[in-house]
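Novice: Structure incoming, see below.
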Amino acid sequence: MTASPATPLGEPTILPAPVYAAIIAHSRAGKPEEVCGILRGVGLAAYEAIPGHNIAAERIENYEVDPQTLLRQFEFEEAGEAMMGIYHSHPVSVAYPSATDAWNAHYPDALYFICSLEHDDAPVVRAFRMTPYFLDLDYVALRDALGFYETRPGLWGYFQAQERPLPSLLANLGVRAPFYIVCAVDADGTVEGRVVEITEHPVMVTPA
Ligand SMILES: [Zn+2]
């Protein structure tokens with residue numbers, strides 16, 4: 001995806017300036033690979049960025065937060081806080097979720113922060129909620145009819161922009177655009193798919 005599609009806005013998310021700076025510094029240090037981490041906070045307010053390790057096999061265009069870092073969410077919860085966000089970098093692309101990001105969005109209660117270094121002197125941090133719908137659809141038929149693209153081996157994606165007419169096959173989906181449809185077909189033919197709705201939460205950087 002090269003452009004940034006129109007996306008409905010939710011409530012702003014609050015990033016104190018040091019948290020915002022930490023995400024950008026971590027993203028820059030990791031270039032050309034994607035970096036990732038988590039955000040401690042409450043609701044839409046972040047308190048701290050905790051860098052994680054990217055354990056994905058293909059770190060140039062994918063990320064997976066290491067389990068030790070993810071486990072810290074339980075420590076936050078004991079303190080009455082939460083893992084309010086997960087961040088990762090896009091070293092050369094826009095700050096918008098990819099089909100792979102939609103596939104990897106396992107925490108519907110967390111915001112997904114993306115730091116784009118597409119223009120290195122002007123980093124962009126945006127935040128999105130990605131809500132998965134586990135709909136009982138014939139994903140392979142949809143893939144073949146709508147021309148999903150293979151985003152990585154075995155993973156197929158389709159992006160429905162808000163401004164594009166909904167194909168008749170998707171007329172009764174009940175999910176508002178923009179959304180991804182993602183499906184994985186593994187070697188033995190097992191198909192797993194879902195529809196992932198995207199909402200943007202404007203990032204407000206506040207003084208520390
Ligand atoms: Zn991404």
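Read-outs throughout are calculated quantities, based only on the coordinates presented, and are distinct from any laboratory measurement. Please read all numbers here as calculations on a predicted model, not as lab measurements. In this analysis, Cβ positions are derived from the backbone assuming ideal geometry, glycine residues included, and neighbour counts consider all displayed protein chains.
Novice: Rounded to the nearest 5, what % of the DSSP beta bridges within the chain are antiparallel ones?
Specialist: Roughly 75 percent of the DSSP beta bridges within the chain come out antiparallel.
Novice: Summing Lys, Arg as +1 and Asp, Glu as -1, what charge do residues with Cβ under 14 Å from the Cβ of E192 carry, E192 excluded?
Specialist: -2
Novice: By its C-alpha gyration tensor, with a ≥ b ≥ c as the square roots of the eigenvalues, how is the chain shaped: rounded for a/c under 1.5, else prolate for a/b larger than b/c, else oblate?
Specialist: The shape class here is prolate.
Novice: Another question, then. Please name whichever of L155, A99, L15 sits farthest to the positive end of the charge dipole of the chain, dipole taken about the Cα centre and charges placed at Cβ: Lys and Arg +1, Asp and Glu -1.
Specialist: The Cα lying farthest towards the positive end belongs to L15.
Novice: Can you work out the FRET efficiency for the pair A79 and A25, with r the C-beta to C-beta distance and R0 = 30 Å, to the nearest 0.05?
Specialist: On the way: r = 25 Å, r/R0 = 0.84.
Given R0 = 30 Å and the Cβ-Cβ separation, E is 0.75.
Novice: Something else now. Which net charge results when you count Lys and Arg as +1 and Asp and Glu as -1 among the other residues whose beta-carbon is under 13 Å from that of T100? Please report the intermediate quantities before stating the final value.
Specialist: Numbers: positive: R59, R152; negative: E34, E58, E61, E64, D101, E150.
Net local charge, T100 excluded: -4.
Novice: Work from the charge dipole of the chain (Cβ charges, +1 for Lys and Arg, -1 for Asp and Glu, about the Cα centre) and give the residue of S89, S4, A184 farthest towards its positive end.
Specialist: S4
Novice: Top mean-square fluctuation among E77, E197, E48, Gaussian network model of the chain, C-alpha springs under 10 Å?
Specialist: Maximum fluctuation in the GNM of the chain, among the listed residues, is at E77.
Novice: Then there is this: For the range 103-114, in order, what is each residue's ³J(HN,Hα) by Karplus, 6.51 cos²θ - 1.76 cosθ + 1.60 with θ = phi - 60°, in whole Hz (x at glycine and Pro)?
Specialist: Taking θ as phi minus 60°, the curve returns 4, 8, 7, 8, 10, x, 8, 9, 8, 9, 8, 10 Hz for the range 103-114.
Novice: Let me ask something else about it. What residues qualify as long-range amide H neighbours of I38, i.e. H under 5 Å apart, gap of 5 or more or another chain, H built at 1.01 Å from N?
Specialist: Distant-sequence amide H within range of I38: I50, G52, Y87.
Novice: Could you state the angle between the C-alpha long axis of helix 17-30 and the longest principal axis of the C-alpha atoms of the chain, as a value from 0 to 90 degrees rounded to the nearest 10?
Specialist: The angle comes out at about 60 degrees.
Novice: Here is a further query. Tell me whether the range 1-48 comes out rounded, prolate or oblate; compute the Cα gyration tensor, take square roots of the eigenvalues as a ≥ b ≥ c, and use a/c under 1.5 as the rounded threshold.
Specialist: oblate
Novice: How large is ³J(HN,Hα) for each residue in the range 155-168, as worked out from phi by the Karplus curve 6.51 cos²θ - 1.76 cosθ + 1.60 (θ = phi - 60°), to whole Hz, x for Gly and Pro?
Specialist: 10, 10, x, 9, 10, 9, 6, 5, 8, 9, x, 6, x, 4
Novice: What is the sum of charges around D109, taking Lys and Arg as +1, Asp and Glu as -1, for the other residues whose C-beta is under 12 Å from the C-beta of D109?
Specialist: 0
Novice: Then there's this: By how many degrees, 0 to 90 and rounded to 10, does the Cα axis of helix 67-78 deviate from the longest principal axis of the chain?
Specialist: Tilt relative to the chain: about 70 degrees.
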